Amino acid sequence: MNNATLAKSTNNSDTLNQQATSNKVEVNHEWGTLKEVLVGRPFVYMPKELPAYMRSWLNDKALAVYDELQGRSIEEVFPELHQKQVTQINNVISVLEENGVKVHQVAEQTQDEHEFLKNQIDSYQSYTYMRDAVVVIGNHFIETNMFDPGRRRDRFAIRRTLGERLNNSNAKIVSMPESPIIVDDNGFGPGPFLEGGDTFVLGKTILVGNSGNASNTAGIEWLQRYLGEEYEVIEVKLDSKFVHLDCVLCTLRPGLAMIVKDAFLDGIPDVLKGWDFINVSAEDAKLHLAANALVINDQTVMMPDSLKHISTEVRAKGHQVIEVPFDAINWQGGSFRCFHHPIVRES
């Protein structure tokens, strides 16, 4: 796998010194000012047989491309598409840095990591979406137990990317209990599953989605036990057409959110009642990940330039929108929120 043309290095000492945060790790609100972030790189590998559970929430374009991979990566099968992904991700990194954000791009996958568990199961791998393998709540840095065992590989590259940064910080680092790899009619199990795409930090209230495709009740209960009485962790039941809560919700600032209302099986969570909502259609959410945005602060959000009908509504609410191309990424099941995970958000 030749990644010589991948996103530019963020190791320039002058740039990092200018953007440096303290040694803290802290995320208390989804809309806190983003100061330091982990982002992904363009790499997706699909096994020879696409996992059945993914067919319920992937759009038709993603399914058509993924069915062509058959044990190969996008870079191998669709090199022009891969190069477009490289270009768009480089651009997003530049925009973040221009907005004062220190960016850590996840390290490349090693061959040993690629082969990890393949003697047990040939499964989906993606290093594009750094949201899911970890959850940062306050100064808790939690390695999650992901539903698909193939994506549990993400943690190894994240450790190599952030190890020194975390060791010299105030972070409380914990790894969830690992689940055995047992394939059943519903995908994988059993076990406590938790993924960052389902997890929203609203102060001391934590929302966690459960669509049946990722996080589950056992994982949500584990998070509540781990965080203790200081936090309230609330399970949010979702339509199985979507994989994560951040596919149907984006909390832009206190009292304002983008939302796919029909995706919430038990209605909108009480903590969000009384908020002003920008409604996103289920079609836009599934085809274009329209609710999956990158919140820079409580006044600014990054969105794809292909969703002008939604960005116009966001601006009408007094919010700034930075529009950038991301169509080479967001067709494949995740967009801006999936692509990044905050390490520091200043409230």
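For the reader, a short list of remarks on this structure follows.
- Selection count, the range 287-305, where residues are over 16 Å from residue 34 (Cα atoms) and either surrounded by fewer than 21 Cβ atoms within 10 Å (Cβ to Cβ) or out of contact with any Phe, Trp or Tyr (no Cβ under 9 Å at 6 or more places or on another chain) (or both): 4
- Residue within the range 68-85 that is aromatic (Phe, Trp, Tyr) and free of Cβ contacts under 8 Å to residues at least 40 places away in the same chain present: yes
- Condition met for residue 25 (of a type outside the set (Asp, Glu), under 16 Å from residue 151 (Cα atoms) and in contact with a Ser or Thr (Cβ under 9 Å, 6 or more places away or on another chain)): no
- Taking the range 128-165 as the range and being out of contact with any Gly (no Cβ under 8 Å at 6 or more places or on another chain), within 16 Å of residue 245 (Cβ to Cβ) and buried (at least 24 other Cβ atoms within 10 Å of the Cβ) as the test, only 146 passes.
- Scope the range 100-124; condition among the aliphatic types (A, V, I, L, M), touching a residue at least 60 places away in the same chain (Cβ under 8 Å) and outside any strand (DSSP E or B); matching residues: 101, 106, 117, 121
- Of the residues 120, 125, 88, the single one that is in contact with a Ser or Thr (Cβ under 9 Å, 6 or more places away or on another chain) and polar (S, T, N, Q) is 125.
- Any hit, the range 76-89, residues being within 23 Å of residue 152 (Cα to Cα), surrounded by 15 or more Cβ atoms within 10 Å (Cβ to Cβ) and among the aromatic types (Phe, Trp, Tyr): no
- Residue match in the range 23-36 (condition: under 24 Å from residue 214 (Cβ atoms) and among the acidic types (Asp, Glu)): yes
- Residue selected from the range 306-336 under the condition aliphatic (A, V, I, L, M) and more than 16 Å from residue 247 (Cα to Cα), by the criterion surrounded by the fewest Cβ atoms within 10 Å (Cβ to Cβ): 316
- For the range 217-263, a residue qualifies if it is β-branched (Val, Ile, Thr) and in contact (Cβ under 8 Å) with a residue 40 or more places away in the chain, and the qualifying residues are 243, 248, 251.
- Scan of the range 112-131 for residues that are modelled with pLDDT under 80 and among the aliphatic types (A, V, I, L, M), ordered by number: 117, 121
- Considering only residues in the range 297-322 that are without any contact (Cβ under 8 Å) to a residue 24 or more places away in the chain and touching a strand residue (DSSP E or B) at 6+ places or on another chain (Cβ under 6 Å), the one that is farthest from residue 337 (Cα to Cα) turns out to be 315.
- Among the residues of the range 274-286, the ones that are more than 30 Å from residue 65 (Cβ to Cβ) and either surrounded by 18 or more Cβ atoms within 10 Å (Cβ to Cβ) or modelled with pLDDT under 95 (or both) come to 0 in all.
- Any hit, the range 205-212, residues being surrounded by fewer than 18 Cβ atoms within 10 Å (Cβ to Cβ), outside any helix (DSSP H, G or I) and of a type in the set (A, V, I, L, M): no
- Considering the range 234-268, and only residues there that are farther than 20 Å from residue 298 by Cβ and over 21 Å from the mean Cα position of the chain (by Cα), the residue that is surrounded by the fewest Cβ atoms within 10 Å (Cβ to Cβ) turns out to be 266.
- Test: residue in the range 33-56 that is crowded, with 20+ Cβ neighbours inside 10 Å and assigned to a helix (DSSP H, G or I): yes
- Criterion (farther than 16 Å from residue 136 by Cβ and not in a loop (DSSP other than H, G, I, E, B)) met by exactly one of 229, 221: 221
The values are calculated or read from the model by the stated rules, or taken from the named source; none is laboratory data. Fair warning: this is a prediction, and the values are worked out from it, not measured in the lab. Positions of Cβ are generated from backbone atoms using ideal geometry, with glycine treated the same way; all protein chains shown enter the neighbour counts.
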